[in-house]
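Colleague: My structure is below; once you've seen it, I'll send some questions.
The values are calculated or read from the model by the stated rules, or taken from the named source; none is laboratory data. From a predicted model like this one, the values you see are computed outputs, not experimental measurements. No Cβ is skipped: glycine too gets one built from the backbone with ideal geometry, and neighbour counts run over all protein chains shown.
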Amino acid sequence: MTKRLTSLLTIFALYFVPMLALGQGFNPSDGISDANLSDASLYSIATNLMRYLLMLITILAVIGFVGSGIFYVTSGGNSDRVKTATSWLQYSVIGIIVALIGYIVINLIDSLLRAEVQR
């Protein structure tokens, strides 16, 4: 009995209580006058994002190169540290390649979309 009563009260609360909020009047506004939103195009936003990501990936790749060099120099013949250094170096190179491919793809898509048809 209490389970059924709880279920009914829950249904009542979920169905009827929002109606009380809708009982107030609606005052439409003209919108936000000073939202500080830019009028930039999607392309400029994407290229700026890719530039920042490319810069971040480049910084991380340089850190990876330096870290792999330090690991390789301080390995002292330890094969585990040499493997770690080479894997860091590989991941750094792969990261730069992926970032450059992403930048190239965005520029390629933009040039294809902005291409003018010659007749």
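Colleague: Please find, within the stretch 68-119, the residue that is modelled with the lowest pLDDT out of those that are hydrophobic (A, V, I, L, M, F, W, C) and not in a helix (DSSP H, G or I).
Modeller: Of everything passing the filter in the stretch 68-119, Val117 is modelled with the lowest pLDDT.
Colleague: Filter the stretch 66-119 down to residues that are of a type in the set (Val, Ile, Thr) and farther than 25 Å from Met55 by Cα and give me whichever is surrounded by the most Cβ atoms within 10 Å (Cβ to Cβ). Steps first, please.
Modeller: First, the residues of the stretch 66-119 that are of a type in the set (Val, Ile, Thr): 66, 70, 73-74, 82, 84, 86, 93-94, 96-98, 101, 104-106, 109, 117.
Filter once more, keeping what is farther than 25 Å from Met55 by Cα: 73-74, 82, 117.
Numbers: Val73: 10, Thr74: 10, Val82: 15, Val117: 4.
Out of the qualifying residues, it is Val82.
Colleague: Shifting gears a bit: Are there any pairs, at least 6 apart or on different chains, whose C-beta atoms fall under 6 Å, with the first in the stretch 54-81 and farther than 30 Å from Asn107 by Cβ and the second polar (S, T, N, Q) and part of a loop (DSSP other than H, G, I, E, B), and if so, which?
Modeller: Correct list of pairs: Arg81/Ser75.
Colleague: Another one. Test Gly31 against the stated conditions and say whether it is modelled with pLDDT under 75 and either out of contact with any strand residue (DSSP E or B) (no Cβ under 6 Å at 6 or more places or on another chain) or surrounded by 11 or more Cβ atoms within 10 Å (Cβ to Cβ) (or both).
Modeller: Values: modelled with pLDDT under 75: yes; either out of contact with any strand residue (DSSP E or B) (no Cβ under 6 Å at 6 or more places or on another chain) or surrounded by 11 or more Cβ atoms within 10 Å (Cβ to Cβ) (or both): yes.
Considered against the rule, which asks whether it is modelled with pLDDT under 75 and either out of contact with any strand residue (DSSP E or B) (no Cβ under 6 Å at 6 or more places or on another chain) or surrounded by 11 or more Cβ atoms within 10 Å (Cβ to Cβ) (or both), Gly31 comes out as yes.
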